[in-house]
Each structure stands twice: as C-alpha cells, then as structure tokens.
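A.B. asks: One structure coming up, written as structure tokens, with questions to follow.
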Amino acid sequence: MNDPATLPARVEQRLHWTRACLADETVLLERASVDAGMRSYWRARGRAGTHVVMDSPPGLEDVRPWLQMRSLLAGHGLRVPRVLAEATDAGFLLLEDLGGPTLAKVIDTHTADAWFDRAITQLLLLQRIDVPEGFGHFGPALLQRDAGLFDEWFLQRHLGIVLEAGDAARLHAVQQHLMHNALGQAQVLTHRDFMPRNLMPVADGPAVLDFQDLVRGPIAYDPVSLFKDAFLSWPLPRVDEWLARYHARARQAGLPVPALEDFQRDADWLGIQRHLKCLGIFSRLRYRDGKGHYLDDAPRFIGYLDEVLPRYPVLEGLRHLLDTHIRPAMADLAPQEQAQ
C-alpha cells in the first residue's frame with residue numbers, strides 16, 4: 001500500500017500549512033516516526049526551533065478523536081502533547097516537540113524502576129477518570145474480533161495452519177476462558193497501548209501518546225501492556241514485582257483492583273489475550289499493509305506465552321497448540337524469513 005503521506009500533493013500541502021502556522025518560509029520537514037496506521041509525524045525545523053506536525057489524511061485517519069481524547073486526559077492532569085495549531089478538515093496538527101526517542105529507546109535495567117513508577121502515576125490518573133457516556137467498550141465484540149485476528153492472520157495467513165476440529169475446539173475453549181476473565185474484571189478507562197513506545201521521557205512526564213482509541217475496559221489491561229511490551233521484554237520476576245507495585249498504588253488510589261493473587265491472574269490472562277491479538281495484527285500489517293517488520297517481534301510473544309501458560313493448567317489447550325503446530329510452523333518458516 002502506498003504511503004499517502006509521501007504523495008507529492010500531500011507533501012506540498014503539509015509543508016505549506018506548517019510554514020504558514022510558524023510564519024517561517026525556511027521551515028523544513030523530516031519524518032519523525034512511522035505509525036502502524038495512516039497517521040504520520042514530521043519534525044519541523046525552522047527559526048523558532050523544532051515542532052512536530054501530525055498528519056492524519058482525511059478519509060483515512062480522523063484527527064478529531066485524538067483531539068477529544070487529548071482534551072479529556074489533559075483536563076485530568078495527564079501529561080500529553082500540547083497542541084499549538086490545528087486544521088482538522090485538512091488533517092494537520094502542530095504539536096510541541098517532546099524530543100526524539102520514546103521511553104522504549106532510553107529505558108534500561110538501571111532506570112526501569114524509576115521510569116515505571118512515573119508511568120504508573122500517569123496510568124493511575126487515567127484510570128481514575130470517569131468513563132464518559134458513549135465511549136467504546138472492550139467487550140465481547142472486540143474480544144471476538146481479536147480472537148479472529150489471531151486465527152485468520154497469524155495461524156492461517158502467516159503460518160499456513162488450518163486447525164482440525166479438535167485443535168480448533170481447544171483454542172476456542174482457551175479464548176472463552178480469556179474472554180470471561182476480561183469481562184469479569186472491574187472496568188475503567190483503558191488506553192489499550194500503554195507501553196514505553198507510546199510514552200515520551202520528558203521531565204514532567206512521561207508524556208502519553210497514541211491515546212485516540214480509549215475505551216472502557218478491564219483494569220489489568222494497561223498495567224500488563226506497560227510491563228509486557230510488544231517491543232521490549234523484561235524478566236518475569238521483575239514484571240511480577242512491577243505488577244505488585246502497581247497493584248499497591250492502585251489500591252491506595254481507590255481503584256477497584258481485586259486481591260493481589262487474583263490481579264496477577266487477571267494480568268497474566270489479559271497479557272495472553274493481548275499477545276495473541278498482536279500476533280494477528282502484526283501478521284495483517286505484513287500481508288495487507290506491506291509493513292513486514294512488525295512480525296520480527298513474533299518470537300517475543302511466543303516467549304511471553306511460554307512464561308505464563310505453565311501457571312494455568314486450564315489453558316493447556318494453548319500450550320498444546322504451541323507445541324504441536326505453531327513452533328514447528330515457525331521453525332519451517334524461519335529460513336524463508338532470513339532469506340528475505
């Protein structure tokens with residue numbers, strides 16, 4: 001799929017709008033980051049320093065939900081990007097420049113405790129916001145869609161696996177357990193991608209990004225997303241420790257978390273659901289959208305599953321699927337992947 005942000009007419013329109021906003025004909029734009037969707041970000045350099053332009057092509061990405069969610073979060077004290085100018089019909093926003101690398105690029109084993117404490121502070125502010133009327137819900141429809149993504153795009157399209165009746169029934173039973181657990185948790189405002197890649201390491205932050213898809217969802221979803229990132233892995237004992245730290249602070253903040261043992265299970269199971277979803281989405285990005293690099297992280301998700309599935313015998317059907325189908329298929333595919 002062609003990148004609409006690089007079409008000559010869009011390039012010219014974006015540059016003209018930015019120069020007019022900043023009253024500076026010397027401004028030049030360079031790509032600041034690549035997004036999984038149609039949205040793109042550009043760093044503007046000119047006489048007034050640097051700024052960031054968000055480009056959401058009309059008809060492909062509507063900028064207004066992002067602005068609405070930003071206003072909601074900022075109104076409750078979260079650190080989010082400041083908007084300096086907007087052209088909603090054209091799909092352009094001029095934002096403050098929060099710097100280059102995301103938290104995913106600067107966090108390490110020595111700084112993780114401090115950064116995650118600060119990220120938890122932002123997350124607790126988010127989760128304490130009353131979910132407005134009319135918000136989407138991380139309910140059966142979304143969960144069914146996520147389950148379908150894993151089967152259709154990862155198993156069938158990427159690995160070429162079509163499950164026979166017995167294996168399909170085992171997978172369905174696991175997915176039902178995961179769904180019932182998610183639906184049974186306390187529901188709060190949920191980011192759905194609250195991870196270091198969507199956090200910026202600024203002094204009064206971290207600043208929260210990519211929040212346009214906020215929904216009402218299970219309370220353990222964002223914490224497990226933070227510590228079991230799609231692009232960054234930590235040892236399981238450390239993850240368990242951070243989840244316990246979040247749990248203690250959430251309880252102190254009056255959030256409806258269950259007992260720690262139950263919360264640990266809820267986080268583990270939502271992590272499994274999320275990792276299966278990511279495998280499906282990343283496969284779709286490769287085969288539908290031509291963004292193949294996301295699947296480079298597929299072994300990370302398999303590793304996450306291997307870590308926690310032994311804790312829960314009731315999810316044995318997924319372990320069986322991993323051992324009998326997924327791992328052999330990934331091993332067969334590896335030489336082709338390396339040759340590309």
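A.B. asks: Which ones in the range 143-187 are within 13 Å of L270 (Cα to Cα) and under 18 Å from the mean Cα position of the chain (by Cα)?
C.D. replies: Listed by number, the residues that qualify are L143, D146, A147, A182.
A.B. asks: Any chance the range 187-203 includes a residue that's assigned to a helix (DSSP H, G or I) and hydroxyl-bearing (S, T, Y)?
C.D. replies: No, that holds for no residue.
A.B. asks: So which helices (runs of 4 or more DSSP H) stay within the range 79-164 end to end and still have 2 or more residues that are out of contact with any Pro (no Cβ under 8 Å at 6 or more places or on another chain)?
C.D. replies: Where helices (runs of 4 or more DSSP H) fall fully within the range 79-164 and carry at least 2 residues being out of contact with any Pro (no Cβ under 8 Å at 6 or more places or on another chain), they are 112-127, 140-149.
A.B. asks: Could you please find all residues in the range 211-240 being touching a His at 6+ places or on another chain (Cβ under 9 Å), under 18 Å from A104 (Cα atoms) and aliphatic (A, V, I, L, M)?
C.D. replies: A230
A.B. asks: Filter the strands (runs of 3 or more DSSP E) completely within the range 4-59 down to those with at least 2 residues that are in contact with a His (Cβ under 6 Å, 6 or more places away or on another chain) and of a type in the set (F, W, Y). Explain how you work it out, then say what you get.
C.D. replies: Details: elements: 28-34, 40-46, 49-55.
By residue number, no strands (runs of 3 or more DSSP E) qualify.
A.B. asks: Spot the failing condition for Q252; the list is (1) without any contact (Cβ under 8 Å) to a residue 60 or more places away in the chain; (2) within 24 Å of G317 (Cα to Cα), and only one is missed.
C.D. replies: Single failed check for Q252: (2).
A.B. asks: Considering W17, W66, which residue is of a type in the set (F, W, Y), closer than 26 Å to F282 by Cα and not assigned by TED's automatic domain parsing to the domain that holds L214?
C.D. replies: Matching residue, one of W17, W66: W66.
The values are calculated or read from the model by the stated rules, or taken from the named source; none is laboratory data. It should be emphasised that the depicted structure is a prediction, and the values quoted were computed from it without experimental measurement. Backbone-built Cβ (ideal geometry, glycine too); neighbour counts: all protein chains shown.
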